[in-house]
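*Asks:* Got a structure for you, written out below as structure tokens; questions coming shortly.
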Amino acid sequence: MQTMAGGEHGGAEAFFVRLAGGFARAGVEQRVVVRRNAARAAALRARGVEPVELRFGGPLDWPTRRALRREVAAFRPDVALAWMSRAARLTPAGDHVLVGRLGGYYDLKYYRRCDHLIGNTRDIVDYLTEAGWPAERAHYLPNFVDPPAGAADRAALAAALDTPADAPLLVALGRLHPNKAFDVLLTALAEVPEARLRLAGAGLEEGALRALADELDVAPRVRFLGWRDDAAALIAAADVLVVPSRHEPLGNVVLEGWAAGTPVVAADAAGPATLIEDGRTGRLVPVDDAPALAAALNNVLADPAAARSLAAAGHAAWQADYTEAAVVAAYLDFFARIVPQGRA
């Protein structure tokens, strides 16, 4: 059984849908319980998974607690996999192995009833053990991203994004939030004079970022695209995928860049720094350093052969460790190790 009470958008929520679909394709018998969200339910159904939808409200949401107990009693799972804090707090313990899955540095008080915890980066696993969680019950299992749907016509995709054929195209994706450091990217763009930037995401920082783009005189070269469901196509259109985050526990978008065969330039926040081998599978620059980010972007754009080498090495890293087949197999191996013999 999987339980997810996440928000409307987010990397963990998107990966949850992908993993549920991967389990379905692998023949795993599963019950998926989610917070009511029409788009997420539709995405799960498109991947062959019929969800149970509950409210997943606050501490006084007793109907959700009762409904979860009924689902557990009816399904009798071997493993209950709870995604993030609210699901971990509400998913009942019982005659199953209760596993919490963390994609960030969350307060462990919500996970006290769990038998095991999963971190999707090694740094998160280190955080768990440093916080006192037993090392033998803390496990690293990475995310995966889907491959691009067919060969990309970069020129056509770039044209659809209102980008001149002779202009380098930078793409960045994420919530418009201070953690994502899109202000640093706009500042760097002022020193990458030929490039166009397409920024996909929504959030409360949009007004401030638009004002900054005007102040820096880069607004004519920037398009704010809003929240998009075609991340793979956007990344495939780019000459460089930029991940300037101040705080990024994993960085699914790095994996998406690798899968698309697009060079990645990122700030060395925890997730990208763990994934990227600087100079081989991407470029890393210090967090909050707009001049260094601009220099790295200019270097990659000025050297097409080096850009192709970065893209090829990143794509090879994705194929080796971050495909659906590799990650689903790792999860199934983990389940086999934690479920008592004879149960499943």
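The values are calculated or read from the model by the stated rules, or taken from the named source; none is laboratory data. Source: prediction; values computed, not measured. With ideal geometry, Cβ positions are generated from the backbone for all residues, glycine too; neighbour counts draw on all protein chains shown.
*Asks:* Determine, yes or no, whether Pro193 is touching a strand residue (DSSP E or B) at 6+ places or on another chain (Cβ under 7 Å) and either surrounded by fewer than 17 Cβ atoms within 10 Å (Cβ to Cβ) or not assigned by TED's automatic domain parsing to the domain that holds Tyr106 (or both). Talk me through it step by step, then tell me what you get.
*Replies:* Values: touching a strand residue (DSSP E or B) at 6+ places or on another chain (Cβ under 7 Å): no; either surrounded by fewer than 17 Cβ atoms within 10 Å (Cβ to Cβ) or not assigned by TED's automatic domain parsing to the domain that holds Tyr106 (or both): yes.
For Pro193, the condition - touching a strand residue (DSSP E or B) at 6+ places or on another chain (Cβ under 7 Å) and either surrounded by fewer than 17 Cβ atoms within 10 Å (Cβ to Cβ) or not assigned by TED's automatic domain parsing to the domain that holds Tyr106 (or both) - is not met.
*Asks:* Could you tell me whether the range 50-61 includes any residue that is part of a loop (DSSP other than H, G, I, E, B), crowded, with 22+ Cβ neighbours inside 10 Å, without any contact (Cβ under 8 Å) to a residue 40 or more places away in the chain and not aromatic (Phe, Trp, Tyr)?
*Replies:* Yes, because at least one residue in the range 50-61 is part of a loop (DSSP other than H, G, I, E, B), crowded, with 22+ Cβ neighbours inside 10 Å, without any contact (Cβ under 8 Å) to a residue 40 or more places away in the chain and not aromatic (Phe, Trp, Tyr).
*Asks:* Looking for something touching a strand residue (DSSP E or B) at 6+ places or on another chain (Cβ under 8 Å), in a helix (DSSP H, G or I) and at pLDDT below 95 - is there at least one such residue anywhere in the range 241-253?
*Replies:* yes
*Asks:* If you don't mind, another one. Name the residues in the range 265-280 that are without any contact (Cβ under 8 Å) to a residue 24 or more places away in the chain and within 14 Å of Arg246 (Cα to Cα), would you?
*Replies:* Once the filter is applied, which keeps residues that are without any contact (Cβ under 8 Å) to a residue 24 or more places away in the chain and within 14 Å of Arg246 (Cα to Cα), the range 265-280 yields Asp268, Ala273.
*Asks:* Follow-up question, since we're still on this one. Since Gly7 meets every condition but one in (1) surrounded by fewer than 21 Cβ atoms within 10 Å (Cβ to Cβ); (2) outside any loop (DSSP other than H, G, I, E, B); (3) not aromatic (Phe, Trp, Tyr), which condition does it not meet?
*Replies:* For Gly7, the failing item is (2).
*Asks:* Residues in the range 275-309 that are touching a Leu at 6+ places or on another chain (Cβ under 9 Å) and either aliphatic (A, V, I, L, M) or crowded, with 18+ Cβ neighbours inside 10 Å (or both): how many?
*Replies:* Total meeting the criteria: 14.
*Asks:* Here is a further query. Residues in the range 318-340 that are assigned to a loop (DSSP other than H, G, I, E, B) and within 17 Å of the chain's Cα centre (by Cα): how many?
*Replies:* Within the range 318-340, the first condition is being assigned to a loop (DSSP other than H, G, I, E, B), and the residues that meet it are 322-323, 339-340.
Keeping just the survivors that are within 17 Å of the chain's Cα centre (by Cα) gives 322-323.
Of the residues in the range 318-340, 2 are assigned to a loop (DSSP other than H, G, I, E, B) and within 17 Å of the chain's Cα centre (by Cα).
*Asks:* Sticking with this structure for a sec: Those residues that are crowded, with 24+ Cβ neighbours inside 10 Å and assigned to a helix (DSSP H, G or I), I need them from the range 257-271; list them, please.
*Replies:* Once the filter is applied, which keeps residues that are crowded, with 24+ Cβ neighbours inside 10 Å and assigned to a helix (DSSP H, G or I), the range 257-271 yields Gly257, Trp258, Ala260, Gly271.
*Asks:* Give me a count of the residues in the range 75-93 that are within 19 Å of Val339 (Cβ to Cβ) and surrounded by fewer than 19 Cβ atoms within 10 Å (Cβ to Cβ).
*Replies:* Result for the range 75-93: 5.
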